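The values are calculated or read from the model by the stated rules, or taken from the named source; none is laboratory data. Keep in mind that what you see is a predicted model, and the values were worked out from it rather than measured. Cβ placement follows ideal geometry from the backbone for every residue including glycine, while neighbour counts extend to all protein chains displayed. Remember, those area values only see protein heavy atoms, side chains included, never the ligands or the DNA or RNA. Shrake-Rupley method; radii C 1.70, N 1.55, O 1.52, S 1.80 Å.
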Amino acid sequence: MVSYPLKHHYFLSVCKITNSFCTFARETIFYFLLQGRPLWPLAVALGMNTSDKEILHLAVPSIVSNITVPLLGLVDLAIAGHLGSARFIAAISVGSMIFNIIYWLMGFLRMGTSGMTGQAYGARDTKGIHMLLRRSLTMSLLIAAVFLLFQWPLREAALSIIHPSQVVWPLAATYFNIVIWGAPAMLSLYSLNGWYIGMQDTRVPMFVAIFQNIVNIIASLLFVFVFDMKVAGIALGTLVAQWSGVLLSVVLLRAKLRRMKFSPILTSPIIDSSTTDSLAADNGKRYSWGTFFRTDRDIFLRTLCLVAVNLAFTSAGARQGDLMLAVNTLLMTFYTLFSYVMDGFAFAGEALGGKYYGARDYLGLHNVIRRLLIRWGLSLALAFTAAYALGGNLLLRLLTNDAQVVAAAHTFAYWTWLIPLSGFAAFVYDGIFIGLTATRGMLISSFTASLAFFLVLAVAVFSPMAHTHPLLVNHILWLAYIIYLAMRGVMQYFILRSASRC
């Protein structure tokens, strides 16, 4: 009987996972999304109209993309977990956290591009579509160049803030030194994905996300278990996956640009020739450089608000001890699962909102907003609420077998029932506001909601009850988060309503 080294055993185990993921990817692409037909019997059975089919066509691939994104970090952690020391897991966790925050803040490159491209698509402005692609890619590459130029102070500042142990610090620095060279690829991919969404195509970003995961798994396994590169191998696998993803996206982009030359949607005039020039001039102002920078600035500041709230939530939980930190981390998984689905419909709102607004089809825009908010947003919120109320305990036990953590989580579990109903409107309106490039309203709502969160949080942190009633403090923390989610949606509703009357 042949005895393989232990690392080969791990290699073969993860290869099985890779094979399962590839099978899922193949079935998803070729059966559900490339042909598209299996979705329409479902649409007919549910009594969906044309708007619902448009929404579903854009949302489903986006949901698949959202689900695959965490797998990149999950695979890295799984491989690091088989290297024989906790310091490797810690180094990958620290390095991944740094890049997750950096790229989260750069999300304006995708969101700003999708809204303006959707408007140019709706107006059938081919020149505008090409111009927006060039501008977004130019900005992405310039920002990436800044990251590369200042990578040393950026790395030292990030590690100083997180302050890992002396053993973990050099390993995390190694990870950072390699993965930072993927910044041009990642930021360019943000611009490309935003452009594709604006062009009413969420399937290409899905294909790229799945392809990146497959490449990441294969490359990381090769570098770690064959070439014995440990943390450097994991980082190099991530880097190869990032550049492979952007190269695939560019290849698909070239094919799409060739097809655009013969597209009847983009070559036929939107209105009669007597008003085409004035409409083109008006649309030119909509996505000028000034609009481009203002839109990206508002989204960036809005994202800062979101990051601040999430970091403060985690920090407030950590102040209460390891048990409360573990409980809040597990319960936030309920929000994460809901967000994966709702983000798909937010992307649909970006694409369709931009298209109908650019085409001056305000009746179609109103119909899409109503269908997204009521038919999909509210329905999914009710479904998730029921699922969390009935199956929340099962999910907790799937996430951990620690009886103490599960018991403590039960005390706060009902807050997760409120997440879907308090948060669904914010997801939908975020997508619509991005499509309309009404980002100032989105920033105002996020800033005001964040301010409310910190005011309620201050009651919990600085009041005498923080020492005498620790459980009540965590309840107030969750109350602050629910208020934050609800305020965003409510404020956006009134801002949009007020704008529509003007």
**Distance (nanometres) between label positions extended 7 Å along Cα→Cβ at ALA386 and ASP228** = 5.7
**Vicinal HN-Hα couplings computed from phi for segment 375-391 (Karplus, 6.51 cos²θ - 1.76 cosθ + 1.60; Hz; Gly/Pro x)** = 5, 9, x, 5, 4, 5, 4, 5, 5, 5, 4, 5, 5, 5, 5, 8, x
**Asked** Rule-of-thumb check for segment 357-406: C-alpha Rg over 2.2 N^0.38 Å?
**Response** 1.94
**Fill in**
Between the alpha carbon centres of segment 411-489 and segment 126-178 the gap in Å comes to 29
**Request:** Grab the beta carbon distance between HIS366 and TYR414, set R0 = 35 Å, and tell me the FRET efficiency rounded to 0.05.
**Result:** 0.50
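Out of the chymotrypsin sites (Phe, Trp or Tyr not before Pro) in segment 151-238, which ones are loop residues according to DSSP with at most 13 other C-beta atoms within 10 Å? Please report the intermediate quantities before stating the final value.
Details: sites: TYR175, PHE176, TRP181, TYR190, TRP195, TYR196, PHE207, PHE211, PHE223, PHE225, PHE227; in loops: PHE227.
Within segment 151-238, the qualifying chymotrypsin sites (Phe, Trp or Tyr not before Pro) (loop, at most 13 other Cβ atoms within 10 Å) are PHE227.
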**Request:** Specify the inter-centroid distance of segment 56-119 and segment 195-209, based on alpha-carbon positions, in whole Å.
**Result:** 16
**Rg(Cα)/(2.2 N^0.38 Å) for segment 349-502, N = residue count** = 1.25
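Between THR333 and PHE150, 0.36 nm times their residue separation minus their Cα-Cα distance comes to what?
Length gained between THR333 and PHE150: 62.5 nm.
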**Asked** With all protein chains present and a 1.4 Å probe, how do MET106, MET131 order by accessible area, largest first?
**Response** MET131, MET106
